[in-house]
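The structure under discussion appears below in the form of structure tokens.
The values are calculated or read from the model by the stated rules, or taken from the named source; none is laboratory data. None of the values given here were measured: they were computed from a predicted structure. Methodologically, a virtual Cβ is constructed for each residue, glycine included, from the backbone with ideal geometry; neighbour enumeration extends over all protein chains shown. Side chains are part of the model used for accessible areas, which takes the heavy atoms of the whole protein and leaves out ligands, DNA and RNA. Shrake-Rupley method; radii C 1.70, N 1.55, O 1.52, S 1.80 Å.
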Amino acid sequence: MRVSISRIYRLLQLITMLQRSSRYTVDELARELGVSRRTVFRDLNMLEMAHIPYHFDPEQGGYCIGRHFFLPPINLTLTEALAILMMAGKMRGAGEIPLLNQGAKAAMKVESALPQHIRKHVGSILDNLKVSMGPMSMHEDLDTIFDDLTAAIEDRKVCKLIYISFQEKKQITTHVHPLRLVFMSKAWYLLGYSSEHLELRTFKLGRIRKLTVTDRIFEKRDDGDLDEYFGMAWQMIPEGKLYDIHLHFDEKVAGNVAEVIWHKSQKIEWNDDGSIEFHATVDGIGEISWWIIGYGDRVEVISPPPLRKRIADMAVGMLKKYS
């Protein structure tokens, strides 16, 4: 059984809580973990399968773990503690993004467990560090959907989605075999086989209006299909045709372009005047077009002709709006 990162983290939280001297009811566990009662019972079942000796204490009316069961201590160096706190704690401003939000809470717990002198030192360093995630999609109230989808992926349960499709410009209903959750292009996406489209599709979690996990089980797919799904797409939308891209960036933006890995196939050639030739093999020209147009007159499409024409048409359209 494949267990998601978010569930592993939640199980560790659950174990930590059950090791305390307090006893927790299911409602209290659900509230502390930020999940439903059903998810708590599912997680308790996972602990039982892992032979972790939890039990219900009828005298105090709550669950606990046997006092002789302990997780091995984790000895963090100052640098390791700093890295965890920076990666997770400094991302609190990114919004309610599943996993990042839980990571921020985990960072607070790590911080509270550090010796006082180390906590003070780490705190002074963190005051001078900042992590900027850049623009992000809205992820409010997605934790339940995220957890339900991770469970459905593990259990291979068919899901019914009511979804706002920008591509089809309408609300659709489809049954999906959920296969992976992917964070890319500023948001979480579900990759799954859609019965409505009879193919693998991506669904942005923020556009899911209603998710119902059914009791139907789907057959396991070859993971190789998933690994190849995004293929050579510029970001995440393959169009089924490869193009050899050649772009010329002038010296004003060449350095900024060259220092970033935009695509796994890219190659950079520097010219004597400080400009660059950018080469890549990309599946489709739709996504890369928006990236190119962002550089305005500092970039020229040398090839392929369909991409050159597309950018020219976009430039003409922009000129009309401002003329």
Restricting attention to the range 240-258, the residues that are part of a loop (DSSP other than H, G, I, E, B) and surrounded by 15 or more Cβ atoms within 10 Å (Cβ to Cβ) number exactly 2
Specify the residue that is nearest to H246 (Cα to Cα); the eligible residues are those in the range 201-235 that are aromatic (F, W, Y) and modelled with pLDDT of 90 or more. W234
Please work out if I292 is in contact with a helix residue (DSSP H, G or I) (Cβ under 9 Å, 6 or more places away or on another chain) and part of a helix (DSSP H, G or I). yes
K320: over 27 Å from the mean Cα position of the chain (by Cα), among the basic types (K, R), at pLDDT below 95 and farther than 30 Å from L179 by Cα, yes or no? yes
Which residue pairs have Cβ atoms under 7 Å apart, sit 6 or more places apart or on different chains, and have a first residue in the range 147-173 that is over 30 Å from Y9 (Cα atoms) and a second that is among the β-branched types (V, I, T)? S165/I172; Q171/I162; Q171/I164; T173/I162
Test: residue in the range 302-323 that is more than 19 Å from G240 (Cα to Cα) and open to solvent by less than 20 Å² (accessible area, probe 1.4 Å): no
For residues that are out of contact with any strand residue (DSSP E or B) (no Cβ under 6 Å at 6 or more places or on another chain) and farther than 12 Å from Y295 by Cβ, tally how many sit in the range 245-274. 10
In the range 264-289, the residues that are part of a loop (DSSP other than H, G, I, E, B) and under 27 Å from M318 (Cα atoms): S275, G284, I285
Which of the residues spanning the range 196-222 are in contact with a Lys or Arg (Cβ under 7 Å, 6 or more places away or on another chain) and among the hydrophobic types (A, V, I, L, M, F, W, C)? V213, I217, F218
Helices (runs of 4 or more DSSP H) (entirely within the range 1-87) containing at least 1 residues that are at pLDDT 75 or above: 5-18, 26-33, 37-49
What's the number of the only condition in (1) under 30 Å from A151 (Cβ atoms); (2) among the aromatic types (F, W, Y); (3) in contact with a Ser or Thr (Cβ under 9 Å, 6 or more places away or on another chain) that F249 fails to meet? (1)
